[in-house]
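The values are calculated or read from the model by the stated rules, or taken from the named source; none is laboratory data. The structure displayed is predicted, hence computed values, not measured ones. Neighbour counts are summed over all protein chains in view; Cβ atoms, including those assigned to glycine, are modelled from backbone coordinates with ideal geometry.
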Amino acid sequence: MSEQTTFRQVGFLSWPSGERKSVGWIRLSPEALSERSGVAFAAGVDDLDPFMEAALQLGSGRGVFLLHRTVPDYGIDVYADSFEDPPAVMKELSAALDLAAPETMIFDASGGAASSESPPRG
């Protein structure tokens, strides 16, 4: 049995630094992630396009914001406080949501992909 970190869904996140940054990417649709982990995404629309979003607080207290823009990308962008370490956030999130390494991508401190693959773009 693998050790699994907990999470709870929250309605709002406040970033201790005052800013968020992109820390990774999940190669699943919101529907697939919801079915697997129970994360509930809310639909919204802004000046760009429709989106699906969810805010989670991980067992360590870290907040993560999940965003899926319906056009043109497939997958879910992961955001955390700008002071957070992307690999640490993605490791904890992956454990909490039971994600395998091929289903995620971790960004480095500059926001670039730390893996050889990049998310598919439309």
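Out of all the residues in segment 6-64, which are part of a helix (DSSP H, G or I) and either in contact with a Gly (Cβ under 7 Å, 6 or more places away or on another chain) or of a type in the set (D, E, K, R) (or both)?
Those that are part of a helix (DSSP H, G or I) and either in contact with a Gly (Cβ under 7 Å, 6 or more places away or on another chain) or of a type in the set (D, E, K, R) (or both): Glu31, Glu35, Arg36.
Filtering segment 65-106 down to residues that are farther than 22 Å from Ala43 by Cα and assigned to a loop (DSSP other than H, G, I, E, B), which residue is farthest from the chain's Cα centre (by Cα)?
Phe83
What do you reckon, is Gly59 in contact with a helix residue (DSSP H, G or I) (Cβ under 8 Å, 6 or more places away or on another chain), over 21 Å from Phe107 (Cβ atoms), surrounded by 11 or more Cβ atoms within 10 Å (Cβ to Cβ) and not hydrophobic (A, V, I, L, M, F, W, C)?
yes
Return the pair list, or none, for Cβ contacts closer than 9 Å from residues in segment 36-60 that are on the phi > 0 side of the Ramachandran plot and of a type in the set (Gly, Ala, Ser) to residues that are surrounded by fewer than 16 Cβ atoms within 10 Å (Cβ to Cβ) and modelled with pLDDT of 90 or more, at least 6 apart or on different chains.
Partner pairs satisfying both residue conditions: Gly38/Gln9.
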